[in-house]
1. Projected onto the charge dipole of the range A:9-223 (+1 at Lys/Arg Cβ, -1 at Asp/Glu Cβ, origin at the Cα centre), which of A:Gln30, A:Pro137, A:Gly158 gives the Cα projection farthest towards the positive end?
2. Tilt of helix B:209-221 relative to the longest C-alpha principal axis of chain B, in degrees (0 to 90, nearest 10)?
3. Quick one: of the DSSP bridges fully inside the protein assembly as shown, what percent are antiparallel, nearest 5?
4. If we hang a label 7 Å off Cα along the beta carbon direction at B:Leu185, how far is it from the matching labels on the other copies, in nm, shortest first?
5. Can you tell me what the convex hull of the Cα atoms of the range A:9-223 projects to on average, as an area in nm²?
6. Using the 10 angstrom Cβ neighbour count as an exposure proxy, how do B:His64, A:His167, A:His45 rank, fewest first?
7. Indicate, rounded to the nearest 5 percent, the antiparallel portion of the DSSP beta bridges found entirely in the range B:9-223.
8. What order do you get for B:Lys76, B:Lys87 when you list them from fewest to most C-beta neighbours inside 10 Å?
Number of protein chains: 2
Amino acid sequence: MTTSTPSRRAIVLLSGGLDSYTVAAIARAQGFDVCALTVRYGQVHAREVEAARAVVGALGITEHVELALDLRGIAKSALTGNSDVPKDRDVDATDIPSTYVPARNTIFLSLALAWAETLGASDIFLGVNALDYSGYPDCRPEYIDAFARLADLATRAGVGGARFAIHAPLLHMTKAEIIRAGLALGLDYGLSHSCYDPRPDGRPCQHCDSCVLRARGFAEAGAVDPLVAAPPA
Amino acid sequence: MTTSTPSRRAIVLLSGGLDSYTVAAIARAQGFDVCALTVRYGQVHAREVEAARAVVGALGITEHVELALDLRGIAKSALTGNSDVPKDRDVDATDIPSTYVPARNTIFLSLALAWAETLGASDIFLGVNALDYSGYPDCRPEYIDAFARLADLATRAGVGGARFAIHAPLLHMTKAEIIRAGLALGLDYGLSHSCYDPRPDGRPCQHCDSCVLRARGFAEAGAVDPLVAAPPA
């Protein structure tokens with residue numbers, strides 16, 4: 001009788017942004033086989049999905065699912081086209097900006113949970129961040145903990161004794177710390193896409209919250225953002 | 001200065017089955033404006049979506065969203081075509097059958113939550129049932145409670161003080177009690193569709209768990225199922 005090795009597969013929510021790229025690399029560095037899940041949810045910055053594919057290639061990820069789920073009819077947000085993406089805002093303000101997408105992380109984690117259970121995996125990674133996080137409620141530690149408890153109750157695997165782990169390795173890191181960690185792992189951030197409102201040629205606008213936080217992160221990390229230094233071909 | 005009346009809109013997850021039809025009618029009877037959400041998730045019994053439309057018409061629901069979200073690639077189940085729908089099973093067995101769809105209710109409630117927050121509503125109804133429920137983990141009271149707590153943490157509305165209510169009015173009812181309640185509300189169950197594996201002409205198979213539970217419910221309620229007595233035109 002042989003003992004089988006437990007599965008080390010993990011689902012990683014991969015938008016194609018700087019954070020999720022770093023998370024996917026961290027999961028891989030921790031020994032997980034990364035199964036990447038990208039959702040086309042009607043985001044105005046669908047350019048990020050192309051970035052997700054580039055990241056998948058660069059990290060040598062063999063399982064990547066792109067799921068189409070058009071949230072524009074039910075989730076009002078600047079990111080689903082209901083209003084203009086705010087520019088040159090004070091990104092340290094404590095109000096929740098119009099780029100908040102109602103229930104987005106709950107929807108994405110639920111989809112990741114379905115795939116995890118189907119694969120017999122119990123690890124889910126996502127790139128939420130409680131510091132440079134734009135004030136989104138579904139990026140807070142207490143939210144992540146609550147989802148993990150829900151996952152155990154929601155599933156056949158949980159009833160059978162599995163305990164789902166929701167890994168948010170960036171939760172308490174600044175953007176600069178995230179970038180340093182990624183650079184130490186050899187990541188090419190020129191492959192990622194963060195901008196909420198890219199120019200027609202795909203280049204970042206440099207004025208939305210996501211661009212501002214990214215630029216500040218690179219500056220604080222003492223690094224050059226390859227996306228800004230040289231635009232993608 | 002005038003005082004505005006608080007919104008009485010509620011999201012109702014409407015599959016087109018007997019249970020969700022009854023729940024929509026209960027929500028309406030409680031004074032809610034029903035906003036019905038139906039998901040095409042790649043279910044083998046897509047016939048139920050047509051039933052959802054019929055129910056929407058019969059109840060005079062003015063807001064109905066049908067969302068396409070193909071779960072077949074990430075959620076393995078007999079209901080997403082990964083195996084045959086079991087027939088003539090002991091529906092009182094305590095194991096979780098192959099018709100369980102991983103994380104389905106969590107996905108559906110998350111989508112309902114997005115729409116609720118977008119509409120400024122805080123009431124969500126679904127037709128889960130803890131008695132005649134086929135053993136699904138995401139139909140248990142403790143799961144429903146956990147989702148409500150998550151919803152408060154997950155959303156801008158929750159941060160702002162809203163408390164989401166997840167209404168599961170059928171939770172502790174038998175199928176016979178559900179049918180009696182629906183008949184008392186004047187429902188035409190000939191419009192609903194419960195079968196997991198309908199025949200080519202759309203008629204119920206009479207052998208899957210859902211058909212067996214429905215037939216037992218009608219028998220115990222002392223009523224005739226119009227779907228069986230006279231097939232839909």
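1. The one lying farthest along the dipole's positive direction is A:Gly158.
2. Taking Cα atoms only, the helix is inclined about 90 degrees.
3. Beta bridges within the protein assembly as shown, antiparallel portion: roughly 5 percent.
4. The projected label point of B:Leu185 is separated from its counterparts by 4.9 nm.
5. It is 11.2 nm².
6. Result, fewest neighbours first: B:His64, A:His167, A:His45.
7. DSSP beta bridges in the range B:9-223 are roughly 5 percent antiparallel.
8. B:Lys87, B:Lys76
Bear in mind these aren't lab numbers, they're just calculated from the coordinates by the rules spelled out. As the structure is a computational prediction, the values presented were derived from the model and not from experiment. When we count neighbours, we look across all protein chains shown, and the Cβ atoms used for this are built from the backbone with ideal geometry, even at glycine.
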